[in-house]
Amino acid sequence: MVEFEIDGQKVQAQEGWTVLETARKYGIHIPTLCYHEAVKPSGACRLCVVELREGDWSKVVISCMYPVAEGLKVFTDSERVKNVRRWILEMLLAECPASEEIRQLAAQYGVTSTRFAIHDPDQDCILCGLCVRVCAEVVGANAISTVGRGVHKQIGAPYLEPGSDCVACGSCVTVCPTGAMRRRLDAVRGKPKVELAR
Ligand code: SF4
Ligand code: FES
C-alpha cells in the first residue's frame with residue numbers, strides 16, 4: 001500500500017492508483033469532466049487539478065492521471081487550485097458557450113463570464129472525447145470519433161455521415177458532461193437498431 005495525505009487526511013492507496021481514484025475512494029470531491037472510471041483517463045479537460053506541496057515547493061497536476069506516491073501532500077481546494085480551475089472554466093465558457101451544464105459548473109466557482117474569444121456561440125461540446133472512448137472501450141462499437149481539424153474539429157460518425165455502427169445504446173449521451181451528445185445523436189446513429197428514448 002502507498003500512504004500519503006489529501007487535504008491533511010492520511011489516505012492509503014494501491015500501487016498504480018491515481019490521486020483522483022484515491023480521493024474518490026475516501027469521498028473527497030474533485031470536479032471532473034472528461035473522466036469516467038469505465039475508460040482510460042485522457043487528461044483532456046484539466047478541471048481535476050490538485051496542488052502537490054513539499055516545503056516551499058508546489059506544483060499543480062491533473063489528478064486523474066497523476067500516480068500516487070508515498071508521502072505526497074495533496075491539496076484539492078487550495079487558492080492556487082481554485083484559481084487554475086476558474087481559469088479553465090473561463091476557457092470552457094468561451095469554448096462551448098451553449099452548454100447549460102458548463103455554465104452551471106462555472107457559476108459554482110463564481111465564473112459567469114469569459115475574457116476569452118467566443119468563436120462559435122452555438123458550440124456545446126468541449127471535445128473531451130469521453131463519448132468516443134466509451135463507445136470504443138466499453139461498447140466496442142467505434143461508431144464515433146473526432147472529425148476535422150483545428151476550429152472545425154467535432155465529434156461525429158466517419159465523414160460526418162450517419163453511421164450503421166451505432167447500436168443506439170445511449171452510452172455516449174449518458175457520459176457526455178455538457179449535454180452535447182444528445183443533440184448530436186441523429187447525426188451519428190443513422191438507422192438505430194433500437195429507438196433511444198429522448
Ligand atoms: S460530445 Fe460530450 S462527451 Fe463527446 S467530446 Fe463533446 S463534450 Fe465530450
Ligand atoms: S478529469 Fe482529469 S483532465 Fe479531465
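Every read-out reported here was derived from the displayed coordinates using simple, explicitly stated rules and does not represent laboratory data. Keep in mind the model is a prediction, meaning the values are calculated, not measured. Cβ sites come from the backbone with ideal geometry, for glycine too, and all protein chains shown count toward neighbours.
The C-alpha atoms of the chain define a longest principal axis, and helix 79-95 lies at about 10 degrees to it. Counting neighbouring Cβ atoms within 10 Å and putting the fewest first, the residues SER145, SER99, SER171, SER63 line up as SER145, SER171, SER99, SER63.
Each of CYS96, LEU52, HIS36 was placed along the dipole of the chain (beta-carbon charges, centred on the mean Cα), and the one lying farthest toward the positive end is CYS96. Taking the helices alone, the chain has a mean residue ellipticity at 222 nm of -7500 deg cm²/dmol, built from -39,500 (n - 2.57) per DSSP H run of at least 4 residues and averaged over all its residues. Sorted ascending by nearby beta carbons within 10 Å, beginning with the fewest, ARG183, ARG85 become ARG183, ARG85.
Within the stretch 101-128, find all residues whose amide N lies under 12 Å from a label point positioned 7 Å from the Cα of THR146 along Cα-to-beta-carbon. So the set is 126-128.
Over all other residues within a Cβ to Cβ distance under 15 Å of SER99, the charged ones net out to -3, with Lys and Arg as +1 and Asp and Glu as -1. Taken as Cα centroids, the stretch 111-157 and the stretch 1-21 sit 32 Å apart, rounded to the nearest whole angstrom. For the stretch 130-189, relative contact order (Cα pairs under 8 Å, six or more residues apart, normalised by length) works out to 36 percent. For the peptides 128-135, 104-111, the ranking by packing is 128-135, 104-111, with the highest mean count of neighbouring Cβ atoms within 10 Å listed first. A cut-off of 5 Å between modelled amide H atoms, ignoring neighbours fewer than 5 places along the same chain, links CYS45 with CYS34.
One chain, two ends: HIS119 and GLN104. Fully extended at 0.36 nm per residue, the span grows by 3.4 nm beyond their Cα-Cα distance. Subtracting the Cα-Cα distance of THR112 and THR174 from 0.36 nm times their residue separation leaves 19.7 nm of extension gain. Each residue of the stretch 4-10 was assigned a 3J(HN,Hα) from its phi angle through the Karplus expression (A = 6.51, B = -1.76, C = 1.60, θ = phi - 60°), giving 7, 10, 10, 6, x, 9, 6 Hz with x at Gly and Pro. The aspartates and glutamates whose alpha-carbon is closer than 14 Å to the alpha-carbon of LYS73, local same-chain residues fewer than 8 away aside, are GLU3, GLU5, ASP7, GLU51, GLU54, ASP56.
With the simple spin-label model, which puts each label point 7 Å out from Cα in the Cβ direction, the GLN9 to ARG183 separation comes to 3.7 nm.
Of the residues GLU5, GLU90, GLU100, the one with the fewest other Cβ atoms within 10 Å heads the list, and the complete ranking is GLU100, GLU5, GLU90.
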